[in-house]
Amino acid sequence: MSEPLRRTPLYAAHVAAGARMVPFGGWEMPVQYAGILEEHRTVRRAVGLFDVSHMGEFEVTGARAVATLQTLTTNDVAALEVGQVQYSLLCDPAGGIVDDLTVYRLGGDRFMLTVNASNIDTDWRWVTEHGESGALWRNISSETALLAVQGPRAEALVAELADADVKSLRYYHFAAGAVAGARTLLSRTGYTGEDGFELYVAAGEAERLWREFLDRGRAAGVAPVGLGARDTLRLEMRDVLYGNDIDGTTNPLEAGLGWVVKPAKGDFIGRDAIEKVRAAGVRRKLVGFEMVDRAVPRHGYRILADGRPVGVVTSGSYGPSIDKYIGIGYVETALAGVGSELAIEVRGVPQAARVVKTPFHPSHVKQR
């Protein structure tokens, strides 16, 4: 018998708002409220409010916290300053990606990891089994809620409710403060390509804070946004989704994630395997493509060149901001250059496509 779907602290608020709820990574989550296109455009033009409390959070502390994270993750944790966030990967000894995650340096020897919802249990076992002794782990996922406020009006809205100086907070940095009276970790991060924040709060404060943002943000055009628009927004930025675009069969280098692999820092799980691939050269690469023919590419569709299979689509959809059908997928390295002519096999029929430069839509994050 399958386990029942988990629910975030905002489940009742989603149902009351008329959200369409769907299973996602073991959770019952809102896929849309007013509609995916409308919600997508709200984030690009105004401000969207997301419930991402299904994500997992782990704390690690102690004198060996840095050492254990250096062993577990591909990026250089020692380079993090207190108050800074780092995108990174957990890899297995064969170089496959266990998960992608963000690392927060809360103090000298205190960190928080944010992991994907579908991987919480897997990641927890991985870090506690493969981390070094002397580091103390705590799974705080069930006691933590996470709201994302994203869009060109996000800064003004969060600044209105926060006691921290969010306007001076740089991208991939965070600060502690209060938002509408709730103790919050305010992180200038997101998954949309727009400016905004991700707000970590106690689970018991989530519904009050959610309603406060919707009430106070009416003049700014705030609206709740579901997973459907979250997916089209991240696809326009070519941000990868674990389980679709990366997984245990994926080497970071072929996924274009070599920038978060730092072999010079010393040994870490997967380092040797990744470096062997670097020396030999990758056989396939993750590319972005747009459809020439009017057809929708979907996850799992075959990619063809001159009639032969050369790869597979990992994510695809309509891109509302650019009015084109777009996708990402792995192809043979020789076909990964911008301008390469491909075809996507849609229900047995080849449909013309072309490799293009990504992101598909310009990023508006504030690189300060």
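The values are calculated or read from the model by the stated rules, or taken from the named source; none is laboratory data. None of the values given here were measured: they were computed from a predicted structure. Note that each Cβ is placed from the backbone with ideal geometry, even for glycine, and that neighbours are counted across all protein chains shown.
Structure notes:
Table: residues versus (1) more than 28 Å from residue 44 (Cβ to Cβ); (2) assigned to a strand (DSSP E or B); (3) hydrophobic (A, V, I, L, M, F, W, C).
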position: 101; (1), (2), (3): no, yes, yes
position: 120; (1), (2), (3): yes, no, yes
position: 127; (1), (2), (3): yes, no, yes
position: 147; (1), (2), (3): no, yes, yes
position: 158; (1), (2), (3): no, no, yes
position: 164; (1), (2), (3): no, no, yes
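- Matching residues in the stretch 168-184 - criterion: being over 21 Å from residue 214 (Cβ atoms) and either surrounded by 15 or more Cβ atoms within 10 Å (Cβ to Cβ) or within 23 Å of the chain's Cα centre (by Cα) (or both): 169, 170, 171, 172, 173, 174, 175, 176
- Just one of the numbered conditions (1) surrounded by fewer than 17 Cβ atoms within 10 Å (Cβ to Cβ); (2) more than 24 Å from residue 320 (Cβ to Cβ) is not true of residue 35: (2).
- So residue 65, is it touching a residue at least 60 places away in the same chain (Cβ under 8 Å), farther than 27 Å from residue 210 by Cβ and not β-branched (Val, Ile, Thr): yes
- Residue count for the stretch 118-130, restricted to those that are without any contact (Cβ under 8 Å) to a residue 24 or more places away in the chain and touching a strand residue (DSSP E or B) at 6+ places or on another chain (Cβ under 6 Å): 1
- Within the stretch 242-282, the set of residues being outside any helix (DSSP H, G or I) and more than 25 Å from the chain's Cα centre (by Cα) comprises 266, 267, 281.
- Conditions (1) free of Cβ contacts under 8 Å to residues at least 24 places away in the same chain; (2) on the phi < 0 side of the Ramachandran plot: number failed by residue 209: (1)
- So residue 308, is it at pLDDT 95 or above, of a type in the set (D, E, K, R) and at negative phi: yes
- Applying the condition of being free of Cβ contacts under 8 Å to residues at least 40 places away in the same chain and either out of contact with any Lys or Arg (no Cβ under 9 Å at 6 or more places or on another chain) or within 19 Å of residue 69 (Cα to Cα) (or both) to the stretch 131-165 and asking which residue is surrounded by the fewest Cβ atoms within 10 Å (Cβ to Cβ) yields 165.
- Scanning the stretch 191-220 for residues that are over 24 Å from the mean Cα position of the chain (by Cα) and outside any helix (DSSP H, G or I) gives a single hit, 217.
- Residue in the stretch 100-121 that is at positive phi and surrounded by 22 or more Cβ atoms within 10 Å (Cβ to Cβ) present: no
- Residue among 331, 282 that alone is buried (at least 16 other Cβ atoms within 10 Å of the Cβ) and within 14 Å of residue 245 (Cβ to Cβ): 331
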